[in-house]
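Following: one structure in structure tokens, then a few remarks.
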Amino acid sequence: MKFILGTKVEMTEIFDEEGRVHPVTVLRTGPCTVTQIKTTEKEGYDALQLGYGEKKKLNKPIKGHVKDLGNFRYMREVRVSPEETKNFKVGDKVEVALFSAGDKVMVSGVSKGKGFQGVVKRHGFGGGPRTHGQKHSEREAGAIGGGGRAGGRVVKGIRMAGRMGGDRITVKNLTVIKVDSERNQMYIEGAVPGRRGTLIEIRG
């Protein structure tokens, strides 16, 4: 399995050799460092732990774990097969050159936080009527309970106003348009969740 970490840079558009335009998201990807190899015998499952980014200071438990590999801002795991773990050792680098143009990838990231929002924006409700005796019900939720539904209580899970965004979103079947190994950048067609600087996980 191909896997790498990156951060969202911006959205732009690029042209291919046939002159067609592609809206793309630019990601600054890798290099990532293998900080731990987990096996079924020891941890109960097979995975690679990767470190990415840089920060000034680590706390002592993390520093003792990564030792002199680097001061990583992010650390994530990816499940792999037992055969794949044999191809890596602690300290190996995972580069963006692992991917190539035309690859289908799955990306995950945390979406933009939008604060406290009403039901129209959060859930797509239509709101109330604008006329016929109504005054301030244009964007209200309407009835949330009653004798006809669950004995008059508010049903668990009913869609209401609340905090919106900040969710982990996964988008599948995105196409890699271009890979720039010199600048450690990847151009993926379409939109990717998150704001600029959001950590993005890319799986091939």
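A compact table of results
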quantity: Qualifying residues in segment 1-60 (those that are in a strand (DSSP E or B) and of a type in the set (Phe, Trp, Tyr)) - the one nearest to ARG203 (Cα to Cα); calculated: PHE3
quantity: Complete set of residues in segment 66-83 that are surrounded by fewer than 15 Cβ atoms within 10 Å (Cβ to Cβ) and in a helix (DSSP H, G or I); calculated: PRO82, GLU83
quantity: Selection count where residues are buried (at least 19 other Cβ atoms within 10 Å of the Cβ) and either among the hydrophobic types (A, V, I, L, M, F, W, C) or under 15 Å from ASP103 (Cα atoms) (or both), scope segment 188-200; calculated: 3
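Every number here is computed from the coordinates shown, using simple stated rules; none is lab data. Remember, predicted model here, so these are calculated numbers, not experimental data. Ideal geometry is used to build each Cβ from the backbone, glycine not excepted, and the neighbour counts take in all protein chains shown.
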